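Okay, structure first, notes after.
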Amino acid sequence: MSAVEVRAARERLGLTQQQAARRWKVSQAYLSLMEHGKRPVPDRLARLVARAEPRMATALSPDASPGKSDDLPRLLGSLGYGGFAYLAEARAVMNPAAVVLAALRTPGVPARVTEALPWVLVTFAHLDWDWLVDQAKLANLQNRLGYLVTLGRTVAERQGDAGAARALTDAEHRLEEARLAKEDTLGRELTEAERRYLRDHRPPAAAHWNLLTNLRAEDLRYAR
């Protein structure tokens, strides 16, 4: 997190340097030096800033470690996702790109978590796409990510968010170049009967990304 981002977050929160220093448990002198780029922003402080101002979470260092599936609802709640808002009191903030990656890598991820991921991609459309795409490709998860990006782009278009739609379209093009021919799911174990059904009833975009899923943009509450 940069000095400019710390100052911007403080000003958006309507805090004086003295108030922010008290809240974030640093001296006002040290906060002033940080805001002028004369001291580094410690990771502890960056996470406190992101907790108070979730949009700043993209400035946190991304972590590629898988984490626990039980953590995903809490992490999504910490980013401001309404479906898990009740977990906000116990939140620990993580870079949204890392949250998406953790969900992509989790076997048997709950449907409610999967449904939240396009929201993350729209809300934080200017996340670190270089890192996220590279990590997805390393784990052969680019098709899962590609379909979620497509859903997110559809949501952004419906909401009239032109900036997010452009960013997600660019990400789609990057993932298209790495699209895999192998069949995959969105983290679910399927019976053979379910696989046969989904091959015939999945959305065209899911077929394009070689995914067996019936999740559609219109199924997402926040897309309506």
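The values are calculated or read from the model by the stated rules, or taken from the named source; none is laboratory data. None of these values were measured; they are calculated from a predicted model. Quick reminder, even Gly has a Cβ in these numbers, built from the backbone with ideal geometry, and neighbours come from all protein chains shown.
Some points to look at:
- Here is the figure for segment 186-213: residues that are among the polar types (S, T, N, Q) and modelled with pLDDT of 95 or more total 2.
- With respect to (1) buried (at least 19 other Cβ atoms within 10 Å of the Cβ); (2) of a type in the set (F, W, Y); (3) free of Cβ contacts under 8 Å to residues at least 40 places away in the same chain, the lone exception for Y86 is condition (1).
- Any hit, segment 26-36, residues being assigned to a helix (DSSP H, G or I), crowded, with 16+ Cβ neighbours inside 10 Å, out of contact with any strand residue (DSSP E or B) (no Cβ under 6 Å at 6 or more places or on another chain) and aromatic (F, W, Y): no
- For first residues located in segment 89-113 and in the same structural domain as Q135 (by TED's automatic domain parsing) and surrounded by fewer than 19 Cβ atoms within 10 Å (Cβ to Cβ), partners that are modelled with pLDDT of 95 or more and assigned to a loop (DSSP other than H, G, I, E, B) and lie 6+ apart or on another chain with Cβ distances below 6 Å do not occur.
This table checks each residue for (1) touching a Lys or Arg at 6+ places or on another chain (Cβ under 9 Å); (2) buried (at least 17 other Cβ atoms within 10 Å of the Cβ); (3) in contact (Cβ under 8 Å) with a residue 40 or more places away in the chain.
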position: K137; (1), (2), (3): no, no, yes
position: L148; (1), (2), (3): no, yes, yes
position: A156; (1), (2), (3): yes, yes, no
position: A178; (1), (2), (3): yes, no, yes
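- Checked against (1) within 26 Å of the chain's Cα centre (by Cα); (2) of a type in the set (D, E); (3) surrounded by 12 or more Cβ atoms within 10 Å (Cβ to Cβ), D43 passes all but condition (3).
- Residue in segment 87-104 that is over 22 Å from L45 (Cβ atoms) and of a type outside the set (A, V, I, L, M, F, W, C) present: no
For (1) within 19 Å of A98 (Cα to Cα); (2) aliphatic (A, V, I, L, M); (3) outside any helix (DSSP H, G or I); (4) in contact with a Leu (Cβ under 7 Å, 6 or more places away or on another chain), each residue gets a yes or a no:
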position	(1), (2), (3), (4)
A9	no, yes, no, no
R39	no, no, yes, yes
R51	yes, no, no, no
P62	yes, no, yes, no
G80	yes, no, yes, no
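- Count - residues of segment 205-224 that are of a type in the set (F, W, Y) and assigned to a loop (DSSP other than H, G, I, E, B): 1
- Residue within segment 197-208 that is of a type in the set (D, E, K, R), more than 22 Å from A103 (Cβ to Cβ) and out of contact with any His (no Cβ under 9 Å at 6 or more places or on another chain) present: yes
- Taken over segment 149-200, the criterion of being part of a helix (DSSP H, G or I), of a type in the set (D, E, K, R) and within 19 Å of T114 (Cα to Cα) is satisfied by R153, E172, E194, R195.
- Taking segment 137-148 as the range and being aliphatic (A, V, I, L, M), closer than 19 Å to A207 by Cα and outside any loop (DSSP other than H, G, I, E, B) as the test, the residues that pass are L145, L148.
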